[in-house]
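Trainee: Below you will find the structure I want to go over with you.
Every number here is computed from the coordinates shown, using simple stated rules; none is lab data. None of these values were measured; they are calculated from a predicted model. Cβ placement follows ideal geometry from the backbone for every residue including glycine, while neighbour counts extend to all protein chains displayed.
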Amino acid sequence: MTHRFKVLRIPGMAVLAAVVLSAGDSPPGPLQSFPSLRPASWTTGAAFVPGEVLVKFRRETLRAGRIAAFASRNGRLARWIPDLDVYTILIPSGADVRETAAALSRDPGVLYAEPNFICHADATPNDLLFKYQYALANIGQAVGDVPGSPQGKAEADIKAPQGWEETAGDDTVTIAILDSGVDLAHPDLASKLAGSGRDFINNDDDATDDYYHGTAVAGIAAAATDNNEGIAGVAWNAKILPVKILNASGVGTADRAADAILWAVSQGARILNLSVGFEESSQTLLSAVQYAHDQGCVIVASVGNTGGGVRYPAAYDDYVLAVAATDYNDEVLPTSNKGDSVDVAAPGASILTTVPTWFLGTSALPYALVNGTSFAAPHAAGLAAILMSQKPWLTPDEIRAIIELAADDVNAATLPGRDASIGYGRINMEKALVPRPFGENLP
Amino acid sequence: MSAKLDRIAGLILGLGLVLGPLQAAPREGGRTFLFQAGAGAEYFTRSLAWDDDTGASTLSAGLALARFGVAFDKGPSLAVLAGYGLSDWNGLIFRDLPFSIDYRAGAIGGPVLGAETEIPLLETGPWNFSAGGRILFSLGSSKAWALTGLGETGNLDGKGRWTRIQFGPTVTYRGFETFSPFVAVYYDGLWGTFTMNEEIGILTGSEEKKIRGQGVLGASLGLLVEPFSSFQVKAEGSLVPYTKLEGGLGLKAGFSLQARFLF
């Protein structure tokens, strides 16, 4: 299922280049079955709101008794939940919350009193298919739910849950998916869309995906996450801007791609994902990429799947983060293109992601396994979006540098340091996002 | 540190200077004061809050201080302090650098300067009531570390400094011949900054973190031992309660030991 990108010269067309997805590619395959529903995991730890106690009185306790109970602890009423008849009271600063709650509980008019406990979002999302997403968290699980599926190597992943412990980003950052469009009705994407996008193939404002590629890329970057459905996206909270530059056969042109880049920038997108490749450089495309970079955008592109040199725009070294593909064992994909322009790698083999709801028919859920550097790039784009949310003062070059320097040199045994296969290495969200301990005494 | 607290600390020190000579009684030979010289060591921990009280860590400091001052007869004493301190800032997190970092590098040494005063207020039988104040400046020093484990080795350098002001009343029991227990309650303010610089590849950043001590009221219990009229040893243990950011009360402790010669 490796996608190959070929550049064709199309006589008579006023285009500089075109991109084609190989007609010989087999379509993505559906999962055969899905896990049963699991409840969300809630943290019920000891952390509670300082200075607040929740109190429920017995039904027969009169108003005067309730006021007296508050007064006995110098409490002030903050909120009341009528249907539960539960009061939130503020107690004096410095008063021990647990002691106050215990003292109130001993009041004969009180049914119970307790601290106002704090819940925390669990950094392991509850998306039903998350356990198949080895790219985000590889515990050595089988890749896919089909008998005979290969088994991955534990830790051959981008350390997403560890990174999410620090931050999952926010919705101030929009990732433009410049691709074949996005299924606007997909249940794992619809809530994440920054609008219906723009179709540069048909020149309208409906970037609906009539191929599948863009929907797959969008899901990896930023599918709705922790929503008890489908898959998790790398950037939980980032918005998706669909920009259609590939037609129903997966073909696009440099002029449309350039025009689309400028449009995406004008719409406020800060991350541009281009999982497309041109065999030759286009000055028009370069100008657009340069413009987007100068406007503060991080541009992420796949290096291509022909096993040859790095395609464009990934090869625009000064402006683009070029992403190669590794697999569930942290081995580079044989078809992943190579060259000095390769900056980093990310998982691109058997990646579970969203596909259009029409793609597999009505009998299958709209998720499938896909292969290729096209699906490695959105992992890096998602990380770039989180970094931009976390540290909005960083420049595009600085965000690229963080992603590069935080990567794991997974082929160091044979090619130590930066190399033409995976650049600095496979991206690592934990190292890019989580405060790094330092000191002489560390192991 | 607020200007108001600056003024309060200055007032305490000023009172010592002004009231000392006024309250001093003439000694034999016309001298109304004694010189104090000594040395001491102390250790304390304080809970720190930073980033608008969204982060907390602990400062642990060990100080070796020399002191020199004057003690007026029946009047106040005033001493200047100078020495060296080790301040451990473990747990301080810098999230505004390109690569966020978590300080786990232990103590940084640096000079410490300060002053302290004690003013007698009332003497009733064996009970002495006095007011005291102290200000300490830990000036810190720069230290550099390597940032490893990334695609390139980076450099970090940091410097922390803090100011601590304490003042409040002390009650001393003078009913024993060679030793006097005392108890004190005091305001205990701590402020400081830690500046961290990071450089790795094209990435550079600097973050100054303002910190403050959590809890502003402390209490101590101690013993002043005077085996000779010209020599004193003072031992003291202290506690500073504070409200944890996540709720509940915490307690940080300290202790000190001083030896003083009076001549």
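Trainee: Classify region B:23-155 as rounded, prolate or oblate from the Cα gyration tensor: take a ≥ b ≥ c as the square roots of its eigenvalues, call it rounded if a/c is under 1.5, otherwise prolate when a/b beats b/c and oblate if not.
Mentor: Values: a/c = 4.51, a/b = 2.64, b/c = 1.71.
Prolate, since a/c reaches 1.5 and a/b exceeds b/c.
Trainee: In addition: Is there a simple number for the mean count of other chain Cβ atoms within 10 Å of the Cβ of residues in B:140-153, and what is it? Present the calculation step by step, with values, prior to reporting the outcome.
Mentor: Values: counts 0, 0, 0, 0, 0, 3, 2, 3, 3, 8, 10, 16, 6, 0.
Rounded to a whole number, the mean comes out at 4.
Trainee: Can you sort A:F117, B:F182 from fewest to most other Cβ atoms within 10 Å of each residue's own Cβ?
Mentor: Exposure proxy ranking, most exposed first: A:F117, B:F182.
Trainee: Related question: How far is helix A:63-72 tilted off the main Cα axis of chain A, in degrees rounded to 10, range 0 to 90?
Mentor: The two axes meet at around 80 degrees.
Trainee: Ranked highest first by average number of other Cβ atoms within 10 Å, how do A:306-319, B:52-65 line up?
Mentor: Descending packing order for the listed peptides: A:306-319, B:52-65.
Trainee: Sorted from largest down, what three extents in whole angstroms do the Cα atoms of region A:264-389 have along their principal axes?
Mentor: 45, 34, 27
Trainee: Then there's this: In chain A, what is the count of Lys pairs whose alpha carbons are under 19 Å apart, counting only pairs at least 8 residues apart or on separate chains?
Mentor: For chain A, qualifying lysine pairs total 9.
Trainee: Could you work out the percent of alpha carbon pairs in region A:70-116 separated by over 16 Å, rounded to a whole number?
Mentor: Details: 355 of 1081 pairs.
In whole percent, the share of Cα-Cα pairs in region A:70-116 beyond 16 Å is 33.
Trainee: Using the eigenvalues of the Cα gyration tensor, what equivalent ellipsoid semi-axes result for region B:3-262 when each is taken as the square root of five times the eigenvalue, whole Å, largest first?
Mentor: 41, 18, 16
Trainee: Moving to a separate point now. Taking each pair of distinct Cα atoms in region A:348-443 once, what is the resulting Kirkwood hydrodynamic radius in Å?
Mentor: 15.8 Å
Trainee: Output the relative contact order of region B:67-115, whole-number percent, from Cα pairs under 8 angstrom with separation of 6+ residues.
Mentor: Result for region B:67-115 is 38 percent.
Trainee: Please average, across the residues of B:102-112, the number of beta carbons from any other chain that are within 10 Å of each residue's own beta carbon, and give a whole number.
Mentor: What the average comes to for B:102-112 is 2.
Trainee: Mind listing P(r) for region B:72-115? All alpha-carbon pairs, 5 Å bins, whole percents.
Mentor: Calculated over all Cα pairs of region B:72-115, the distribution is 6, 17, 13, 14, 12, 11, 9, 7, 4, 4, 2, 1 percent.
Trainee: Starting from the Cα of B:K234, draw a straight line to each of the lysines and keep only those under 21 Å, dropping any in the same chain fewer than 8 residues away.
Mentor: Filter leaves B:K74, B:K252.
Trainee: Something else about it: Give me a comma-separated list of calculated 3J(HN,Hα) values for region A:107-117, in order, Karplus coefficients 6.51, -1.76, 1.60 applied at θ = phi - 60°, integers in Hz, x for any Gly or Pro.
Mentor: Per residue, the Karplus-derived 3J(HN,Hα) values read 5, x, x, 9, 7, 7, 9, 8, x, 8, 5 Hz.
Trainee: Sticking to Cα atoms, compute the Rg of region B:116-231 to one decimal and its Dmax as the biggest Cα-Cα distance, whole number, in Å.
Mentor: When restricted to Cα atoms, region B:116-231 yields Rg and Dmax of 22.5, 72 Å.
Trainee: What's the magnitude of the charge dipole for region A:124-433 around its Cα centre, counting Lys and Arg as +1 and Asp and Glu as -1 at the beta-carbon? Answer in Debye, nearest 20. Numbers along the way, then the final one.
Mentor: Numbers: 16 positive and 38 negative charges, 27 e Å.
That gives region A:124-433 a dipole magnitude of about 140 debye.
Trainee: Work out the length of the dipole vector of the protein assembly as shown about its Cα centre, built from +1 on the beta-carbon of each Lys and Arg and -1 on the beta-carbon of each Asp and Glu, and round it to the nearest 20 debye.
Mentor: For the protein assembly as shown, the charge dipole is close to 2600 debye.
Trainee: Summing -39500 (n - 2.57) over the DSSP H runs of n ≥ 4 in the protein assembly as shown and dividing by its residue number, what mean residue ellipticity at 222 nm do you reach, to the nearest 500 deg cm²/dmol?
Mentor: Computed mean residue ellipticity for the protein assembly as shown: -5000 deg cm²/dmol.
Trainee: So if I average 1/r over every pair of distinct C-alpha atoms in region A:286-354 and take the inverse, what Kirkwood radius in Å does that give?
Mentor: Result for region A:286-354, one decimal place: 12.5 Å.
Trainee: Using the Karplus curve 6.51 cos²θ - 1.76 cosθ + 1.60 with θ = phi - 60°, work out ³J(HN,Hα) for each residue of region A:84-93 in order, rounded to whole Hz, and write x for Gly and Pro.
Mentor: 9, 6, 10, 9, 9, 10, 9, 10, x, 4
Trainee: In degrees from 0 to 90, rounded to the nearest 10, what is the angle of the helix A:283-294 Cα long axis to the longest principal axis of chain A?
Mentor: Orientation of helix A:283-294: about 20 degrees from the principal axis.
Trainee: Sticking with this one: Going by average Cβ density within 10 Å per residue, which order do the peptides A:235-241, A:66-72, B:208-214, A:214-220 take, highest to lowest?
Mentor: Put in order of decreasing packing, that is A:214-220, A:235-241, B:208-214, A:66-72.
Trainee: Here's another thing I want to ask about it. Using just the alpha carbons, could you tell me how many Å³ per residue the convex hull of region A:173-267 encloses?
Mentor: Enclosed volume per residue, from the Cα hull, is 76 Å³.
Trainee: OK, next. For the protein assembly as shown, what size does the Cα cloud have along each of its three principal axes, sorted from largest down, in whole Å?
Mentor: 115, 68, 45
Trainee: Okay, moving on. In the neighborhood of A:A103, defined by Cβ-to-Cβ distances under 14 Å, what is the net charge if each Lys or Arg adds +1 and each Asp or Glu adds -1?
Mentor: Details: positive: A:R73, A:R98, A:R106; negative: A:D96, A:E99, A:D107, A:E114.
Around A:A103, the surrounding residues sum to -1.
Trainee: Still on this structure: With Cβ to Cβ distances under 12 Å as the rule, what net charge do the other residues near A:N237 carry (K, R +1; D, E -1)?
Mentor: It works out to a net charge of -1.
Trainee: Classify region A:214-327 from the C-alpha gyration tensor, please: rounded if a/c falls under 1.5, else prolate or oblate depending on whether a/b exceeds b/c.
Mentor: Note, shape of region A:214-327 comes out prolate.
Trainee: Could you work out which residue, out of A:T357, A:T172, A:T100, moves most in a Gaussian network model of chain A, that is, has the largest mean-square fluctuation with Cα springs under 10 Å?
Mentor: Largest GNM mean-square fluctuation: A:T100.
Trainee: Could you give the angle, 0 to 90 degrees to the nearest 10, between helix A:396-405's Cα long axis and the longest principal axis of the Cα atoms of chain A?
Mentor: For A:396-405 against chain A, the angle is about 90 degrees.
Trainee: Averaged over peptide B:193-205, how many Cβ atoms belonging to another chain are found within 10 Å of each residue's Cβ?
Mentor: On the way: counts 0, 0, 0, 0, 0, 1, 0, 3, 5, 7, 8, 1, 4.
Mean number of neighbouring Cβ atoms from other chains: 2.
Trainee: So, one more: Order the peptides B:248-258, A:144-154 from the highest to the lowest mean number of other Cβ atoms within 10 Å of their residues.
Mentor: Values: B:248-258: 16.1, A:144-154: 14.4.
Ranking, from highest mean packing down: B:248-258, A:144-154.
Trainee: Also, quick follow-up: Take chain B, connect every pair of alpha-carbon atoms lying under 10 Å apart with a spring to form a Gaussian network, then pick out the residue of B:E199, B:E246, B:E207 with the largest mean-square fluctuation.
Mentor: Looking only at B:E199, B:E246, B:E207, the largest GNM fluctuation is found for B:E246.
Trainee: Quick check on the exposure proxy: order A:E398, A:E155 from fewest to most C-beta atoms within 10 angstrom. Let's see the in-between values first.
Mentor: Working: A:E398 19, A:E155 13.
In order of increasing Cβ crowding within 10 Å: A:E155, A:E398.
Trainee: While we're on this one: Across 20 Å bins from 0, what is the distribution of all Cα-Cα pair distances for region A:124-433, in whole percents?
Mentor: Histogram of Cα-Cα distances, whole percents per bin: 40, 58, 2.
Trainee: In whole angstrom, how far apart do the alpha carbon centroids of region B:167-215 and region A:321-359 sit?
Mentor: After rounding, the separation between the Cα centres reads 53 Å.
Trainee: Here's another thing I want to ask about it. Among A:L321, B:L139, A:L394, rank each residue by its count of other Cβ atoms within 10 Å, from fewest to most, as a rough exposure measure. The partial results should precede the final answer.
Mentor: Numbers: A:L321 28, B:L139 14, A:L394 20.
Least to most surrounded, the residues fall as B:L139, A:L394, A:L321.
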